[in-house]
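Questions regarding the structure given below will be posed in turn.
The values are calculated or read from the model by the stated rules, or taken from the named source; none is laboratory data. Given the structure is predicted, the values throughout are model-derived calculations rather than measurements. A quick note on method: Cβ atoms are made from the backbone with ideal geometry, for glycine too, and the neighbour counts reach across all protein chains shown.
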Amino acid sequence: MNYIKILIGSFLILGFAVNVTAQDLAKGKKIYETRCLVCHQADGGGVPNMNAPLDGSSNVVGNDLARLVRIIKGGYSEKIALDGMYYSNAMTANPDFKDADIANVLSYIRTSWSNKATVVTEAQVIAAKNKK
Amino acid sequence: MKNVKIFLVFVFAAITLASNAQNNAGLKLPAGFKATLFADTIGSARHIAITPNGVLFAKLMYPNKAGKSIIRLEDKNKDGVADNITGWGKYGGTGIFVKGKSLYATSDNDIYLYQLNEKDEVIDTAKPKTIVKGLLAKNQHASKSITLDGQGNIYVNIGAYSNACQEKDRMPGSKGMMPCPILDSAGGIWKFDGIKENQVYGDGKRYATGLRNVVGLDWNKQTNSLFVMQHGRDQLNSFYPTLYTDAQNAELPAETMYELHEGDNAGWPYVYFDPYQKKKMLSPEYGGDGKKEGGENAINPTVFFPAHMAPNALLFYTGNQFPEKYKNGAFIAFHGSWNRAPLPQEGYFVAFVPFKDGKPNGEWEIFANGFSGLTGDEKVKNPRNAKARPCGLAQGPDGSLYVSDDNKGSIFKISYSK
């Protein structure tokens, strides 16, 4: 049991140290502030009934990376049901985002505010894009 | 000992009640005005309407916890707090309007008509008449607000399912479509017969066009014309960062009030109104750069307000209770902004514009503030932190003004006494 804990611990540390640096998170924050904040707001709380929240969102902290990558890159134009509420605004697409940008901004939003999900690497973004 | 405790509980309750009355349900109002919390947590209360007997109806955006989407509120003991609250309906929506014993309510697609009895109770909640059906509702700006004129015609906004009629909505660099095809079926006000059943688009008339999204509208009985409040476009800085800074986007474009006559065009999506240059500017999606003017055939606003504040209700005050300056003036409920971020948000208040002989007569001012629940002059930074968001307005038979909130589901009653 302890062995597993240590293994997971090292993995997490390695994950942060090797693949997602503080610099990457800072880049993610910068992208968030210039491209996402205007709709999703400084506290990640979104706008009731219009723009979906990221803070506490089951989608954002969930495991469907392929969907998150698809939405960030291509936008979203349907009414979305999320955690018992509906959000009606269309989300802007970000076709110019590189895989590393998506990884950095995902890492930022998944670990900010009350979110405590795992960070995301560029390799994971590439893998998610190839998954159908 | 027990008696003392009970006594203390009573004293405490009395003090709480008294302070609620004293603090005007948390609102900041001009001298002489008082507010009570008429109702609380009734659901996402959008527009409201009141019968001549003082019975208030609220339309909810979604059915509330009890599964009801139209709420009837009555204050039988006349203490300023509703004491008889019932409801029905399973469809969400925004619009509600009372004319005599007719109660109109809207979903995002349809307009329904309920008949009231002499006590202003709905005779058959399960079987309304369908007045209009099949109106366009594509997520964005889908809600339908309504008002009636004195001739039995009903006016309904059909919001544009787009921000600026780009080929791809809210996509950076995507051009504006020319002509904008959305305007054929949305982005305007449509006029229908108020009584005829089962009308569709073909039975109505596009009364006015070039309106991105209207939520607040009212028929002005003095001018005998329709006035509307438009929600201006978003994201000039996000899509055109070389033309507009964050600070400019926070102030552009103005939220605008229009007086409409049949056939009028307010200019969306081709132009927006700049409150500093006081001109209609060509939208960047159509080749604009913040300096080029446009909209030669479009009408000018009657009044304009700071950007993005989201005017969700308009009411011309015809009562006798408020001081003379309010007579025939316009109250506007500003739901509150989000698109001013990263700058602090604005709105979350009820504004007033004095009118004389059907024209604005002086600057607009904040009438009721404090809905957000923040203290002092603190501004809303993030919309979800606002406690209440003003959304609907109605005038009671005694001249009191009611304000609905679609966040916590409060109804505020504002009254004046010398």
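Specify the residue that is surrounded by the most Cβ atoms within 10 Å (Cβ to Cβ); the eligible residues are those in segment B:317-339 that are of a type in the set (Ser, Thr, Tyr) and away from chain A (no Cβ under 14 Å).
So in segment B:317-339, the residues of a type in the set (Ser, Thr, Tyr) come out as B:317-318, B:326, B:337.
Cutting the leftovers down to away from chain A (no Cβ under 14 Å) gives us B:317-318, B:326.
Numbers: B:TYR317: 19, B:THR318: 14, B:TYR326: 22.
It comes out as B:TYR326.
Here's something else I'd like to know. Give the residue that is surrounded by the fewest Cβ atoms within 10 Å (Cβ to Cβ), with candidates limited to residues of segment A:40-67 that are aliphatic (A, V, I, L, M) and in contact (Cβ under 8 Å) with a residue 40 or more places away in the chain.
Going through segment A:40-67, the residues aliphatic (A, V, I, L, M) turn out to be A:42, A:47, A:50, A:52, A:54, A:60-61, A:65-66.
Still in the running and in contact (Cβ under 8 Å) with a residue 40 or more places away in the chain: A:47, A:54, A:60-61, A:65-66.
Details: A:VAL47: 23, A:LEU54: 24, A:VAL60: 21, A:VAL61: 17, A:LEU65: 20, A:ALA66: 15.
Ranking the qualifying residues of segment A:40-67, first place goes to A:ALA66.
State whether the residues of segment B:404-411 include one that is on the phi > 0 side of the Ramachandran plot and either within 17 Å of the chain's Cα centre (by Cα) or not hydrophobic (A, V, I, L, M, F, W, C) (or both).
Going residue by residue through segment B:404-411, those that are on the phi > 0 side of the Ramachandran plot are B:409.
Cutting the leftovers down to either within 17 Å of the chain's Cα centre (by Cα) or not hydrophobic (A, V, I, L, M, F, W, C) (or both) gives us B:409.
Within segment B:404-411, one or more residues are on the phi > 0 side of the Ramachandran plot and either within 17 Å of the chain's Cα centre (by Cα) or not hydrophobic (A, V, I, L, M, F, W, C) (or both).
Follow-up question, since we're still on this one. Looking only at residues that are without any contact (Cβ under 8 Å) to a residue 60 or more places away in the chain and either among the β-branched types (Val, Ile, Thr) or within 28 Å of B:GLY100 (Cα to Cα) (or both) in segment B:204-214, which one is surrounded by the most Cβ atoms within 10 Å (Cβ to Cβ)? Spell out how you get there, then give the answer.
Step one: of segment B:204-214, the residues without any contact (Cβ under 8 Å) to a residue 60 or more places away in the chain are B:205-209, B:211.
Adding the requirement that they be either among the β-branched types (Val, Ile, Thr) or within 28 Å of B:GLY100 (Cα to Cα) (or both) leaves B:205-209.
Details: B:LYS205: 13, B:ARG206: 18, B:TYR207: 19, B:ALA208: 24, B:THR209: 21.
Restricting to residues being without any contact (Cβ under 8 Å) to a residue 60 or more places away in the chain and either among the β-branched types (Val, Ile, Thr) or within 28 Å of B:GLY100 (Cα to Cα) (or both), the top hit is B:ALA208.
Can you tell me which residues in segment B:55-95 are in a loop (DSSP other than H, G, I, E, B), in contact (Cβ under 8 Å) with a residue 60 or more places away in the chain and within 25 Å of B:ILE131 (Cα to Cα)?
If the condition is that a residue be in a loop (DSSP other than H, G, I, E, B), in contact (Cβ under 8 Å) with a residue 60 or more places away in the chain and within 25 Å of B:ILE131 (Cα to Cα), then B:VAL55, B:MET61, B:ASN64, B:THR94, B:GLY95 are the ones that fit.
Among the residues of segment A:85-107, write down those that are within 10 Å of chain B (Cβ to nearest Cβ) and either modelled with pLDDT of 95 or more or more than 14 Å from the chain's Cα centre (by Cα) (or both). Can you show your working first?
In the first step, residues of segment A:85-107 are kept if they are within 10 Å of chain B (Cβ to nearest Cβ); the result is A:85-96.
Matches in segment A:85-107: A:MET85, A:TYR86, A:TYR87, A:SER88, A:ASN89, A:ALA90, A:MET91, A:THR92, A:ALA93, A:PRO95, A:ASP96.
Test of understanding: among B:PRO354, B:PRO311, which residue is free of Cβ contacts under 8 Å to residues at least 40 places away in the same chain, touching a Gly at 6+ places or on another chain (Cβ under 7 Å) and away from every other protein chain (no Cβ under 14 Å)? If you could, list the steps in order and put the result at the bottom.
On the way: B:PRO311 fails: free of Cβ contacts under 8 Å to residues at least 40 places away in the same chain.
Step by step, each of B:PRO354, B:PRO311 is checked, and only B:PRO354 is free of Cβ contacts under 8 Å to residues at least 40 places away in the same chain, touching a Gly at 6+ places or on another chain (Cβ under 7 Å) and away from every other protein chain (no Cβ under 14 Å).
Suppose we keep only residues that are touching a Leu at 6+ places or on another chain (Cβ under 9 Å), of a type outside the set (A, V, I, L, M) and part of a loop (DSSP other than H, G, I, E, B) within segment B:340-369. Which one would you say is surrounded by the fewest Cβ atoms within 10 Å (Cβ to Cβ)?
Within segment B:340-369, the match that is surrounded by the fewest Cβ atoms within 10 Å (Cβ to Cβ) is B:PRO342.
Kindly indicate whether B:MET171 is among the aliphatic types (A, V, I, L, M) and modelled with pLDDT of 95 or more. Spell out the reasoning first.
Values: among the aliphatic types (A, V, I, L, M): yes; modelled with pLDDT of 95 or more: no.
No; evaluated as a whole, the condition is false for this residue.
Would you call B:ASN157 within 11 Å of chain A (Cβ to nearest Cβ), of a type outside the set (Ser, Thr, Tyr) and within 20 Å of B:ASN312 (Cα to Cα)?
Values: within 11 Å of chain A (Cβ to nearest Cβ): no; of a type outside the set (Ser, Thr, Tyr): yes; within 20 Å of B:ASN312 (Cα to Cα): yes.
Against the criterion (within 11 Å of chain A (Cβ to nearest Cβ), of a type outside the set (Ser, Thr, Tyr) and within 20 Å of B:ASN312 (Cα to Cα)), B:ASN157 does not qualify.
Check segment B:175-195 and report whether any residue there is within 14 Å of chain A (Cβ to nearest Cβ), assigned to a loop (DSSP other than H, G, I, E, B), more than 19 Å from the chain's Cα centre (by Cα) and basic (Lys, Arg).
Pass one, segment B:175-195, residues within 14 Å of chain A (Cβ to nearest Cβ): B:182.
Subsequent filtering for residues that are assigned to a loop (DSSP other than H, G, I, E, B) retains none.
No; the residues of segment B:175-195 include none that is within 14 Å of chain A (Cβ to nearest Cβ), assigned to a loop (DSSP other than H, G, I, E, B), more than 19 Å from the chain's Cα centre (by Cα) and basic (Lys, Arg).
When you scan segment A:36-72, how many residues do you find that are more than 10 Å from chain B (Cβ to nearest Cβ), under 27 Å from B:ALA45 (Cα atoms) and in a loop (DSSP other than H, G, I, E, B)?
Residues that pass the stated criteria total 4.
Right, B:ALA35: farther than 24 Å from B:ILE111 by Cα, assigned to a strand (DSSP E or B) and either more than 14 Å from chain A (Cβ to nearest Cβ) or small (Gly, Ala, Ser) (or both) or not? Reasoning before the result, please.
Working: farther than 24 Å from B:ILE111 by Cα: yes; assigned to a strand (DSSP E or B): yes; either more than 14 Å from chain A (Cβ to nearest Cβ) or small (Gly, Ala, Ser) (or both): yes.
Considered against the rule, which asks whether it is farther than 24 Å from B:ILE111 by Cα, assigned to a strand (DSSP E or B) and either more than 14 Å from chain A (Cβ to nearest Cβ) or small (Gly, Ala, Ser) (or both), B:ALA35 comes out as yes.
Within 30 Å of B:SER143 (Cβ to Cβ) and not basic (Lys, Arg) - does that describe any residue in segment A:17-28?
Within segment A:17-28, the first condition is being within 30 Å of B:SER143 (Cβ to Cβ), and the residues that meet it are none.
No.
Could you list, in sequence order, the residues of segment B:178-202 that are free of Cβ contacts under 8 Å to residues at least 60 places away in the same chain, exposed (fewer than 13 other Cβ atoms within 10 Å of the Cβ) and of a type outside the set (Gly, Ala, Ser)?
Answer for segment B:178-202, where residues must be free of Cβ contacts under 8 Å to residues at least 60 places away in the same chain, exposed (fewer than 13 other Cβ atoms within 10 Å of the Cβ) and of a type outside the set (Gly, Ala, Ser): B:PRO179, B:PRO181.
Filter segment B:111-160 for residues that are among the hydroxyl-bearing types (Ser, Thr, Tyr) and either farther than 22 Å from B:ALA313 by Cβ or in a strand (DSSP E or B) (or both) and give the result.
Step one: list which residues in segment B:111-160 are among the hydroxyl-bearing types (Ser, Thr, Tyr), which gives B:112, B:114, B:125, B:130, B:143, B:145, B:147, B:155.
Result: B:TYR112, B:TYR114, B:THR125, B:THR130, B:THR147, B:TYR155.
Give me the strands (runs of 3 or more DSSP E) completely within segment B:254-299, filtered to those with at least 1 residues that are in contact (Cβ under 8 Å) with a residue 60 or more places away in the chain, within 14 Å of B:GLY210 (Cβ to Cβ) and in contact with a strand residue (DSSP E or B) (Cβ under 7 Å, 6 or more places away or on another chain), ordered by residue number.
Numbers: elements: B:255-260, B:271-274, B:279-282.
Ranges flagged: B:255-260.
Scan segment B:134-151 for residues that are over 22 Å from the mean Cα position of the chain (by Cα) and in contact (Cβ under 8 Å) with a residue 24 or more places away in the chain and jot them down.
Residues of segment B:134-151 that are over 22 Å from the mean Cα position of the chain (by Cα), as a first pass: B:134, B:151.
The answer is B:GLY134, and nothing else.
Which one of these does B:GLY202 not meet: (1) at pLDDT below 95; (2) closer than 30 Å to A:THR34 by Cβ?
(2)
Identify the residue in segment A:18-37 that is under 18 Å from A:ASP96 (Cα atoms) and aliphatic (A, V, I, L, M) and, among all such residues, is surrounded by the most Cβ atoms within 10 Å (Cβ to Cβ).
Per the stated criteria, the residue is A:ILE31.
Based on what the data block shows, is B:HIS335 touching a Lys or Arg at 6+ places or on another chain (Cβ under 6 Å), modelled with pLDDT of 95 or more and either charged (D, E, K, R) or more than 30 Å from B:GLU74 (Cα to Cα) (or both)? Step through it out loud before you land on a result.
Values: touching a Lys or Arg at 6+ places or on another chain (Cβ under 6 Å): yes; modelled with pLDDT of 95 or more: yes; either charged (D, E, K, R) or more than 30 Å from B:GLU74 (Cα to Cα) (or both): no.
In short, no.
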